[in-house]
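Worksheet: one structure, shown below.
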């Protein structure tokens, strides 16, 4: 019996935004509809909107804006606002983890008297493999998976 299960292919948008903050601060265009869209989506309050707008330089406005994003819901709305204001490339940059798509694949192999759990994930272009087995001879398990 062979089961292939995708355990997690959705990126955590909030953590991506926080990790990519310095790059995002240099590429987001806040002044041509984005802040207004975020206000209309209730991502920003009027006070927050005014505070972000008061920053003198674009990257400072972006830093202030990104610092206000604290929940996944806010980040989902932020990505939606990017799409609505013609900044799809930035939304894609965020959702694709800065160009480093991460995913986890789970594979369970069931033999007559043992079960092997095989997990792999790609992070920063490196494949990480984890094998858990009820079988005592792990070497034979690895050979079974490679064959």
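The values are calculated or read from the model by the stated rules, or taken from the named source; none is laboratory data. Remember, it's a predicted structure, so these values are computed and weren't measured experimentally. Glycine gets a Cβ as well: all are built from the backbone with ideal geometry, and neighbour counts include every protein chain shown.
From the list 93, 118, 78, which residue is part of a helix (DSSP H, G or I) and modelled with pLDDT under 95? Spell out how you get there, then give the answer.
Working: 118 fails: part of a helix (DSSP H, G or I); 78 fails: modelled with pLDDT under 95.
Unique residue meeting the criteria: 93.
Please find, within region 1-29, the residue that is modelled with the lowest pLDDT out of those that are in a loop (DSSP other than H, G, I, E, B) and more than 16 Å from residue 59 (Cβ to Cβ). Walk me through how you get there before you give the answer.
Looking only at region 1-29, we keep the residues that are in a loop (DSSP other than H, G, I, E, B), and these are 1, 9-12, 20, 28-29.
Okay, now just the ones that are also more than 16 Å from residue 59 (Cβ to Cβ), so 1, 9-12.
Values: 1: 38, 9: 44, 10: 48, 11: 50, 12: 84.
The selected residue is 1.
Pull out all pairs, ordered by first then second residue, where Cβ-Cβ is under 6 Å, the residues are six or more apart or on different chains, the first lies in region 31-46 and is in the same structural domain as residue 90 (by TED's automatic domain parsing), and the second is assigned to a loop (DSSP other than H, G, I, E, B) and surrounded by 15 or more Cβ atoms within 10 Å (Cβ to Cβ).
Once the first residue is in the same structural domain as residue 90 (by TED's automatic domain parsing) and sits in region 31-46, its partners that are assigned to a loop (DSSP other than H, G, I, E, B) and surrounded by 15 or more Cβ atoms within 10 Å (Cβ to Cβ) give 33/85; 34/85; 37/85; 38/44.
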